[in-house]
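Below is one structure, written out as C-alpha cells, with a few remarks after it.
Since every read-out is calculated from the coordinates, none of them should be taken as a lab result. This one's a predicted model, so the numbers in the text were calculated from it and none came from an experiment. All Cβ positions, glycine included, derive from the backbone under ideal geometry; neighbour counts span all protein chains shown.
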C-alpha cells in the first residue's frame, strides 16, 4: 500500500502548550510541517511556540487562540486535558468541520492506588469527539507517546508504534503517514473508533510501568 503524501499539511494542536502537545508539535515541525500551537490565550500559545523555535532553529511554529488554530490548520490534533475535552470541541465544532481531527486524549484518573482508566459515557474520548464533531473526520491516535521523549533533544528517534483507530479509511491512512514522519515511529491501524476505549485505557497501564521501572515505555506491535 502506498502511503498518502502528507508532507505539505499544516497541523494545529489544541492544547499545544501542554507537554504532549508541544512534544508532538516539535517532532512534526522537525519533519517539515507548519505547526500552529493553540491555547485559550493567544499570548500563551505564542510563548510556547517561541520556546520551540528557540530550541530548534528553523522550524515553522506559530501560536494562536484555539479558534484560529482550528480554522487555520489542515489537520488538527486534540491534546487537551480530559476535563476540558467536551466543552472545547463543542465551541470549535464549526471551525473543525471538514477536517481530519486526531484525538489523543486519555481519560485517566489518579488516586492513592495510582493511575486508572475512566469510562466516558460515550465509550471513549474519541467517540465523544466523533459525536460532537459530526462534520469532521475523527481519528484516535498518539495516545502512548512519551512527552518526555518527544521534547528531549538528545533523542533522535522515538522507538514505538502509534495505534491508529477510525471509521474513515482515507483519514486513518493519512494519520498513519503523519505518525511515520516522526523518526522511529510507525502508524499501525488498530480498528474502528468503537475500539478506542481499550487504547485510551492502556495509558494507565503504561503510566504504572513508567513509575515502577523509571522508564518511558512505548508499544511495538509484532508480525505486522
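So, residue 137, is that one free of Cβ contacts under 8 Å to residues at least 60 places away in the same chain, touching a helix residue (DSSP H, G or I) at 6+ places or on another chain (Cβ under 8 Å), surrounded by 16 or more Cβ atoms within 10 Å (Cβ to Cβ) and over 18 Å from residue 21 (Cα atoms) or not?
Yes.
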Could you please let me know if residue 150 is surrounded by 21 or more Cβ atoms within 10 Å (Cβ to Cβ), outside any strand (DSSP E or B), out of contact with any strand residue (DSSP E or B) (no Cβ under 9 Å at 6 or more places or on another chain) and touching a residue at least 60 places away in the same chain (Cβ under 8 Å)?
-> yes
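What residue, among those in the range 34-48 that are surrounded by 17 or more Cβ atoms within 10 Å (Cβ to Cβ) and touching a helix residue (DSSP H, G or I) at 6+ places or on another chain (Cβ under 8 Å), is nearest to residue 153 (Cα to Cα)?
Restricting attention to the range 34-48, the residues satisfying the condition of being surrounded by 17 or more Cβ atoms within 10 Å (Cβ to Cβ) are 34-39, 42, 45-46, 48.
Keeping just the survivors that are touching a helix residue (DSSP H, G or I) at 6+ places or on another chain (Cβ under 8 Å) gives 35-39, 42, 45, 48.
Details: 35: 18, 36: 20, 37: 19, 38: 22, 39: 24, 42: 26, 45: 21, 48: 16 Å.
Among those residues, the one meeting the criterion is 48.
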Of (1) out of contact with any strand residue (DSSP E or B) (no Cβ under 8 Å at 6 or more places or on another chain); (2) part of a helix (DSSP H, G or I), residue 201 fails just (1)
When residues of the range 66-77 are filtered for being closer than 15 Å to residue 15 by Cβ, surrounded by fewer than 22 Cβ atoms within 10 Å (Cβ to Cβ) and touching a strand residue (DSSP E or B) at 6+ places or on another chain (Cβ under 8 Å), how many remain?
-> 1
Considering (1) touching a strand residue (DSSP E or B) at 6+ places or on another chain (Cβ under 7 Å); (2) crowded, with 18+ Cβ neighbours inside 10 Å, say which one residue 27 fails and leave the rest.
-> (1)
Evaluate the range 169-192: report whether one residue or more is farther than 19 Å from residue 150 by Cα, in contact (Cβ under 8 Å) with a residue 24 or more places away in the chain, in a helix (DSSP H, G or I) and in contact with a helix residue (DSSP H, G or I) (Cβ under 6 Å, 6 or more places away or on another chain).
-> no
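Looking at the range 53-65 only, could you name the residues that are surrounded by fewer than 24 Cβ atoms within 10 Å (Cβ to Cβ) and touching a helix residue (DSSP H, G or I) at 6+ places or on another chain (Cβ under 7 Å)?
If we filter the range 53-65 for residues that are surrounded by fewer than 24 Cβ atoms within 10 Å (Cβ to Cβ), which is where we start, we get 53-60, 62, 64-65.
Correct list: 56, 59, 60, 62, 64, 65.
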Within the range 74-116, restricting attention to residues that are over 18 Å from the mean Cα position of the chain (by Cα) and touching a residue at least 60 places away in the same chain (Cβ under 8 Å), which residue is farthest from residue 194 (Cα to Cα)?
-> 114
Sole exception among (1) buried (at least 16 other Cβ atoms within 10 Å of the Cβ); (2) within 17 Å of residue 4 (Cα to Cα) for residue 216, by number | (2)
